[in-house]
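Peer 1: One structure, pasted below without further comment.
Readers should treat all values here as calculations from the given coordinates under stated rules, not as data from a laboratory. These figures come from a predicted structure and were not determined experimentally. With ideal geometry, Cβ positions are generated from the backbone for all residues, glycine too; neighbour counts draw on all protein chains shown.
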Amino acid sequence: MAANNSRNMIVIGESSSTRTEWSLVDNGVVVEHAYTVGLNPYFLSRREISHNIRLELPESFFKRRWAHVYFYGAGCSNPEKNKIVESSLVAQFKTPVTVMSDLQGAARGLLVHESGLACILGTGSNSCLYDGQDIVRNVRSLGFILGDEGSGSALGRIFLGDVLKGLAPKELSEAFFDRFRVTPDDIMDAVYNNASANRNLSTYSFFLSDHLDNGYVTDLVDKELCRFFERNLCQYADYDKMPVAFVGAVATTYSELLLDVAQRYGVRIQKIVRSSMPGLVTYHTH
């Protein structure tokens with residue numbers, strides 16, 4: 001890596017509440033790729049964000065001052081929170097930084113320069129109308145307590161509630177406790193005494209993906225995906241007449257159910273991907 005090449009190189013970070021994906025890009029080619037924990041400024045302080053970046057990214061990310069750092073993150077939706085992330089990134093990279101929301105990252109990564117509806121179904125959920133460069137309308141997500149329909153945290157919340165109230169099928173509850181080796185008190189503590197409750201709920205939710213042959217599970221996932229369409233996607237005018245794309249672990253894990261629900265709502269899904277990063281590399285280099 002020649003020293004004079006650093007002026008052509010950019011760093012792109014794309015962060016959910018659970019995980020951050022990083023790419024070091026040279027003229028459209030990813031030359032380094034890495035993952036760190038999620039860097040949501042609602043859950044982590046400036047110091048914690050800096051600490052995680054420095055300890056978890058390979059040393060190659062800090063060898064030179066790159067041309068620019070573009071960071072898209074969960075929780076990066078207002079100036080105050082963005083400044084927390086920006087100051088952490090500047091301190092570590094010593095490079096100009098632009099911080100934007102994970103939704104902006106999803107839209108650019110999914111649709112690049114095409115207009116349409118971009119949707120996130122991961123730890124949380126969100127959606128927006130995108131014009132090929134910027135978000136022009138957003139139905140607010142409201143987070144895992146008031147919203148996040150169809151997300152991992154929503155699926156986990158509903159399922160754990162059913163398990164603890166004895167409403168989930170007995171064989172499913174037994175399999176759950178056997179796999180995770182937790183008690184009801186452990187679950188309550190993970191939800192009510194933990195700053196990362198949404199991540200914990202989402203982690204538990206993926207247990208459901210191994211039991212899609214169980215009618216209770218398919219019904220639960222189907223209903224929650226319908227709630228995402230009804231309370232989010234259907235709020236956009238002409239939602240059934242434009243390209244729609246999804247990103248996130250929940251979208252890919254339950255893609256067959258997602259496609260089935262979309263068909264019922266007359267929605268044409270153009271793309272379902274796990275990560276926005278390939279599209280973001282294209283967006284920033286073409």
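Peer 1: Around Y239, what is the net charge, scoring Lys/Arg as +1 and Asp/Glu as -1 over all other residues with Cβ under 12 Å from its Cβ?
Peer 2: Details: positive: R137, K241, R268; negative: E230, D238, D240.
Summing Lys/Arg as +1 and Asp/Glu as -1 gives 0.
Peer 1: Tell me the volume per residue, in Å³, of the convex hull enclosing the alpha carbons of region 117-270.
Peer 2: Output value, Cα hull per residue: 106 Å³.
Peer 1: Looking at the chain, what % of its DSSP beta bridges pair antiparallel, to the nearest 5? Don't skip to the answer; put the middle values down first.
Peer 2: On the way: 23 of 42 bridges.
Counting DSSP beta bridges with both partners in the chain, the antiparallel share is about 55 percent.
Peer 1: Ok, one more. With charges only on Cβ, +1 for K and R and -1 for D and E, what is the dipole size of the chain about its Cα centre, in debye, rounded to 20? Could you put the intermediate results ahead of the total?
Peer 2: On the way: 28 positive and 32 negative charges, 212 e Å.
Around 1020 debye, computed over the chain.
Peer 1: Another one. DSSP loop (so not H, G, I, E, B), at most 12 other Cβ within 10 Å: list which trypsin sites (Lys or Arg not before Pro) in region 105-206 pass both filters.
Peer 2: R140, R181
Peer 1: Using +1 at the Cβ of each Lys and Arg and -1 at the Cβ of each Asp and Glu in region 123-231, identify which of F159, A175, G147 lies farthest towards the dipole's positive end.
Peer 2: My answer, from the dipole projection, is G147.
Peer 1: In Å, what Kirkwood hydrodynamic radius results for region 83-143 from the alpha-carbon pair distances?
Peer 2: Hydrodynamic radius (Kirkwood, Cα pairs) of region 83-143 is 12.7 Å.
Peer 1: Please report the base-10 log of the normalised intensity I(q)/I(0) for the chain, using a Debye sum with one equal scatterer per alpha carbon and no solvent, at each q in 0.08, 0.09, 0.13, 0.15 (1/Å).
Peer 2: -0.35, -0.45, -0.89, -1.13
Peer 1: Follow-up question, since we're still on this one. Give me the compactness ratio for region 130-210, meaning the Cα radius of gyration over 2.2 N^0.38 Å.
Peer 2: 1.32
Peer 1: Send over the Kirkwood Rh of region 68-197, from the inverse of the averaged 1/r over different Cα pairs, rounded to one decimal Å.
Peer 2: On the way: mean 1/r = 0.0583 Å⁻¹.
This gives a value of 17.2 Å.
Peer 1: On full extension of the chain, what length is gained from E56 through Y216, given 0.36 nm per residue of separation minus the C-alpha to C-alpha distance?
Peer 2: 53.7 nm
Peer 1: Cα to Cα, under 17 Å, and not fewer than 8 places away if on the same chain: which lysines meet these conditions relative to K223?
Peer 2: Excluding near neighbours in sequence, the set is empty.
Peer 1: To the nearest 0.05, how large is the calculated FRET efficiency for V30 and F177 if R₀ is 51 Å and r is the Cβ-Cβ distance?
Peer 2: For V30 and F177, the calculated efficiency is 0.75.
Peer 1: How big is region 41-105 by Rg and Dmax over its Cα atoms, in Å?
Peer 2: Cα only, region 41-105: 11.3, 31 Å (Rg, Dmax).
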